[in-house]
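Shown next, in C-alpha cells, is the structure this report addresses.
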Amino acid sequence: MRVVWVPHEGLAAEYVGKEAEVLAGRIGLVDIGDEHQLGQLGDGWGQQLASLEDFPYVKYGIPPPL
C-alpha cells in the first residue's frame with residue numbers, strides 16, 4: 001500500500017530526521033503486532049508532501065478531479 005504523509009509544518013518539525021521511520025510506519029507509537037505489515041526504511045512506498053495543492057493523482061492511479 002502506498003502512503004502519503006502531509007504533516008502540518010509544526011508536526012513535520014517534530015519529526016525532522018525521522019521522516020523515513022514515519023513513512024515506513026516504524027515510529028513505535030502504536031503496537032502493530034505483525035511487523036511484516038510495516039514498511040522498510042527507504043522502500044519507496046511512502047512519500048512526504050508539503051501540501052496537497054499539486055497532489056500527483058496519476059502517480060497513485062487516481063483520476064484527477066475536473
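The values are calculated or read from the model by the stated rules, or taken from the named source; none is laboratory data. Bear in mind the structure is a predicted one, so any value in this text is a computation, not a measurement. Neighbour counts run over all protein chains shown; Cβ positions are idealised from the backbone, glycine included.
Here are the numbers for this structure:
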item: Restricting region 23-37 to residues that are surrounded by 11 or more Cβ atoms within 10 Å (Cβ to Cβ) and of a type outside the set (D, E, K, R), the residue that is farthest from Val3 (Cα to Cα); result: Ile32
item: Residue within region 40-50 that is at negative phi, surrounded by fewer than 11 Cβ atoms within 10 Å (Cβ to Cβ) and assigned to a helix (DSSP H, G or I) present; result: no
item: Residue match in region 56-66 (condition: under 15 Å from the mean Cα position of the chain (by Cα), surrounded by 13 or more Cβ atoms within 10 Å (Cβ to Cβ) and in a loop (DSSP other than H, G, I, E, B)); result: no
item: Residues located in region 37-54, provided they are touching a residue at least 40 places away in the same chain (Cβ under 8 Å) and either touching a strand residue (DSSP E or B) at 6+ places or on another chain (Cβ under 7 Å) or of a type in the set (A, V, I, L, M, F, W, C) (or both); result: Trp45, Gly46, Gln47, Gln48, Leu49, Ala50, Leu52
item: Residues being among the β-branched types (Val, Ile, Thr), in a loop (DSSP other than H, G, I, E, B), at pLDDT below 95 and under 14 Å from the mean Cα position of the chain (by Cα) - total across region 7-39; result: 1
